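Notes follow once the structure below has been shown.
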Amino acid sequence: MSPRVRMPKQPPEVRRRNFSEVALGYSIEDALQEADRCLGCKKPGCVEGCPVGVEIPQFIDALRRGDADEALRIIKRRNSLPGICGRVCPQEEQCESRCVLSRKDEPVAIGRLERYAADFGHDSREVAETAKGKRIAIVGSGPAGLTCAADLALMGYDVTVFEALHEAGGVLTYGIPEFRLPKSIVKKEIDYVRSLGVRIELDSVVGRAVKVQDLLRRYDAVFLGIGAGAPRFLNVPGENLGGIYSANEYLTRINLMKAYRFPDFDTPIKKSRRVAVVGGGNVAMDAARSALRLGADEVHIVYRRSEAEMPARLEEIENAREEGVIFDFLTNPIGFSGDGMVRAMECIRMELGEPDASGRRRPVEKKGSEFSMEIDTAIIAIGTVPNPLVLRTVPGLRTTKWGTVDVDERGRTSIERVWAGGDIATGSATVISAMGAGKMAAADIDSWLRNGGAWRP
């Protein structure tokens with residue numbers, strides 16, 4: 001078996017000072033060579049590992065034959081956002097982990113081939129079925145909302161998406177940096193969803209400008225896909241000092257409001273010298289790598305467990321390390337100090353104990369190991385929770401102890417004709433898992449509107 005084809009990237013010394021996409025994508029020769037590694041299994045485990053059920057062997061076979069247009073058509077039967085998924089989905093934990101080649105060799109680079117098909121295949125538009133005369137409201141234009149909207153539009157429903165921000169895309173637009181997910185790709189795939197007949201109403205804050213109860217009077221069904229946009233904090237002394245950001249604010253300023261292009265755009269951002277990013281997920285990697293590109297001299301990732309427990313993708317950890325990010329493992333902040341602006345982060349060393357409920361070994365403080373780290377900027381990237389604005393304005397909407405919406409296995413909430421999915425129901429997760437929730441809800445909305453029946457038996 002030939003080796004897996006590597007994805008070319010910008011050199012670290014170059015890319016750490018620009019916001020252009022790091023991974024450069026496959027050439028046609030690369031794509032053909034990698035597609036030829038696929039065995040075309042009759043019982044493909046890779047499809048079972050895909051949350052939206054993309055017909056992986058079929059689209060790879062089309063690429064093997066040099067037909068990127070057909071490959072894209074096959075992908076879009078199940079996935080309306082392939083250019084996005086090919087870049088940010090954790091394929092190594094999903095479809096690629098089920099590839100039969102992974103038992104003895106490296107799996108087929110399914111995500112990279114999906115990206116190639118999306119970038120070079122013809123953007124064919126599918127025709128929706130005959131209109132059903134039913135109207136659906138989608139709240140939120142992130143991956144769950146866009147997927148739900150596209151699937152319902154293809155079924156023939158009249159779909160309107162309500163987006164609170166001035167640009168569509170949700171976390172795809174405000175949360176993921178340009179160097180990992182170019183906004184031109186996001187726009188292209190949102191334009192595809194619009195081409196299916198979906199209307200997107202921007203600057204529409206559900207919970208303020210309009211209530212869910214109002215939507216239920218005007219629409220036959222409502223899907224809540226507002227994500228988890230409210231940041232979590234450490235709740236330690238000094239966290240209100242200047243120069244301390246949530247990762248949400250930091251990345252939104254950079255990505256949505258284009259602070260990295262100041263003064264061409266009006267949003268400024270702090271010029272930092274020594275930055276500490278607290279957390280170990282993909283958001284932490286995005287924030288740290290953005291800080292480097294904004295000119296910081298030194299950027300640290302501060303994580304309370306070891307590298308083995310980090311939830312970030314291995315690819316993102318590797319990219320961050322290549323670019324010069326410093327990793328401080330088994331380290332936990334216990335406070336901040338300064339003179340109005342943060343000047344230092346007080347930390348303590350940790351050691352790992354027994355596994356906790358997440359399956360990761362629990363970090364335990366080492367007595368007497370406190371120390372101080374000189375910084376002028378801190379970015380807190382320890383997770384998010386759903387924004388309570390919508391949830392507090394919907395009487396009878398049941399939530400969990402974690403502040404997420406309580407849904408059943410079909411995405412149905414405690415309120416009839418209201419579905420929810422994505423991070424609003426699961427907490428912070430992946431783009432593709434949110435898309436899977438949107439697809440599942442779309443199928444159930446269609447079934448409910450055609451057949452009715454008990455809401456949550």
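Assigning unit charges at the beta carbon (Lys, Arg +1; Asp, Glu -1) and nothing else, what dipole magnitude in debye, to the nearest 20, does the stretch 195-340 show about its Cα centre?
440
Expressed as a rounded percentage, what relative contact order does the stretch 199-315 have, with Cα pairs under 8 Å and six or more residues apart?
Contact order relative to length: 17 percent.
Would you kindly derive the ³J(HN,Hα) couplings of the stretch 420-430 from the backbone phi angles with the Karplus curve 6.51 cos²θ - 1.76 cosθ + 1.60 (θ = phi - 60°), listing them in order in whole Hz, with x for Gly and Pro?
8, x, x, 4, 5, 9, 10, x, 4, 9, 9
For Val299, list long-range residues whose amide hydrogen, built 1.01 Å from N in the peptide plane, is under 5 Å from its own amide hydrogen.
Val275, Ile326
By how many nm would the segment from Arg361 to Arg273 grow when fully extended, if each residue of separation counts as 0.36 nm and the alpha-carbon distance is taken off?
28.4 nm
Keeping all protein chains in the complex and leaving out DNA, RNA and ligands, what accessible area do you get for Tyr116 with a 1.4 Å probe, in Å² to the nearest 10?
Ignoring ligands and nucleic acids, Tyr116 comes out at about 20 Å².
Of Cys38, Val186, Pro51, which is farthest along the charge dipole of the chain in the positive direction, counting Lys and Arg as +1 and Asp and Glu as -1 at C-beta?
Pro51
Going by accessible area, probe 1.4 Å, with all protein chains left in place, what is the ranking of Arg16, Arg273, Arg289, Arg180, largest first?
Arg273, Arg16, Arg180, Arg289
Rounded, prolate or oblate: which one fits the stretch 219-358, using the alpha carbon gyration tensor with axes a ≥ b ≥ c (rounded when a/c is under 1.5, else prolate when a/b beats b/c, else oblate)?
rounded
Would you mind computing, in nm to one decimal, how far apart the modelled labels at Val205 and His166 are, each placed 7 Å from Cα along Cα→Cβ?
About 1.4 nm separates the two model spin labels.
Sequence-distant or interchain residues sharing an amide H contact under 5 Å with Thr399, placed H: which?
Asp406
Rounded to the nearest 0.05, what FRET efficiency do Glu351 and Glu92 give with R0 = 25 Å and r taken as the Cβ-Cβ distance? Could you check?
That pair, Glu351 with Glu92, gives E of 0.30.
Which value, to two decimals, describes the C-alpha radius of gyration of the stretch 185-234 once divided by 2.2 N^0.38 Å?
Compared with the compact-globule rule of thumb, the stretch 185-234 sits at 1.47.
Starting from the amide H of Lys9, placed 1.01 Å from N in the peptide plane, find each other amide H under 5 Å away whose residue is 5 or more places distant or on another chain.
Leu24
Residue farthest toward the positive end of the dipole of the stretch 320-380, with Cβ of Lys/Arg at +1 and Asp/Glu at -1: which of Ala357, Gly324, Gly338?
So the residue furthest toward the plus end is Ala357.
I need the P(r) histogram for the chain: all alpha carbon pairs, bin width 20 Å from 0 out to the longest distance, whole percents.
Result, from short to long distances: 24, 55, 21, 0 percent.
Taking the dipole about the Cα centre of the stretch 257-326, with the C-beta of Lys and Arg at +1 and of Asp and Glu at -1, give me whichever of Asn282, Pro263, Val299 is farthest to the positive side.
Result: Pro263.
Using label points projected 7 Å from each Cα along Cα→Cβ, tell me how many nm separate Arg321 and Asp123, to one decimal.
Label-label distance for Arg321 and Asp123, simple model: 3.8 nm.
How big is the charge dipole of the stretch 303-457 about its Cα centre, in debye rounded to the nearest 20, if each Lys and Arg gets +1 on its Cβ and each Asp and Glu gets -1 on its Cβ?
Dipole about the Cα centre, nearest 20: 840 debye.
Would you kindly derive the ³J(HN,Hα) couplings of the stretch 307-324 from the backbone phi angles with the Karplus curve 6.51 cos²θ - 1.76 cosθ + 1.60 (θ = phi - 60°), listing them in order in whole Hz, with x for Gly and Pro?
Calculated HN-Hα couplings, in order: 4, 4, 8, 5, x, 5, 5, 4, 4, 6, 5, 4, 4, 4, 5, 4, 7, x Hz.
Please list 88-97, 142-151, 391-400, 74-83 highest first by mean number of surrounding beta-carbon atoms within 10 Å per residue.
Peptide ranking by packing, descending: 142-151, 74-83, 88-97, 391-400.
Determine the dipole magnitude for the chain: charges of +1 sit on the beta-carbon of Lys and Arg, -1 on that of Asp and Glu, nothing else is charged, the reference point is the Cα centre, and the result goes in debye to the nearest 20.
Charge dipole of the chain: 720 debye, to the nearest 20.
Suppose R0 equals 60 Å. What FRET efficiency, 1/(1 + (r/R0)^6) with r the Cβ-Cβ distance, do Arg450 and Asp297 give to the nearest 0.05?
Using R0 = 60 Å, I get an efficiency of 0.50.
Per residue of the stretch 237-253, what does 6.51 cos²θ - 1.76 cosθ + 1.60 with θ = phi - 60° give for ³J(HN,Hα)? Whole Hz please, x for Gly and Pro, Karplus curve as stated.
In residue order, the calculated couplings are x, x, 6, 8, 5, x, x, 10, 10, 7, 4, 4, 5, 4, 6, 5, 4 Hz.
Over the stretch 284-353, give the accessible area per residue in Å² for a 1.4 Å probe, as an integer.
In whole numbers, the stretch 284-353 has 35 Å² accessible per residue.
Would you please give the FRET efficiency between Arg218 and Ser184, computed as 1/(1 + (r/R0)^6) with r the Cβ-Cβ distance and R0 = 41 Å, to the nearest 0.05?
Result of the calculation: an efficiency of 0.75.
Under a point spin-label approximation (7 Å from Cα along Cα-to-Cβ), what is the Glu249-Ala230 distance to one decimal in nm?
1.6
In whole percent, what relative contact order does the chain give with Cα contacts below 8 Å and a gap of six or more residues?
16
In percent, what relative contact order does the stretch 279-414 have, based on Cα pairs under 8 Å that are 6 or more apart in sequence?
Relative contact order of the stretch 279-414: 19 percent.
The values are calculated or read from the model by the stated rules, or taken from the named source; none is laboratory data. All of these numbers come straight from a predicted model, not from anything done at the bench. Here Cβ is always computed from backbone atoms with ideal geometry, including for glycine, and neighbour counts include all displayed protein chains. For the accessible areas, the whole protein counts, side chains as well, though only heavy atoms, and no ligand, DNA or RNA atoms are used. Shrake-Rupley method; radii C 1.70, N 1.55, O 1.52, S 1.80 Å.
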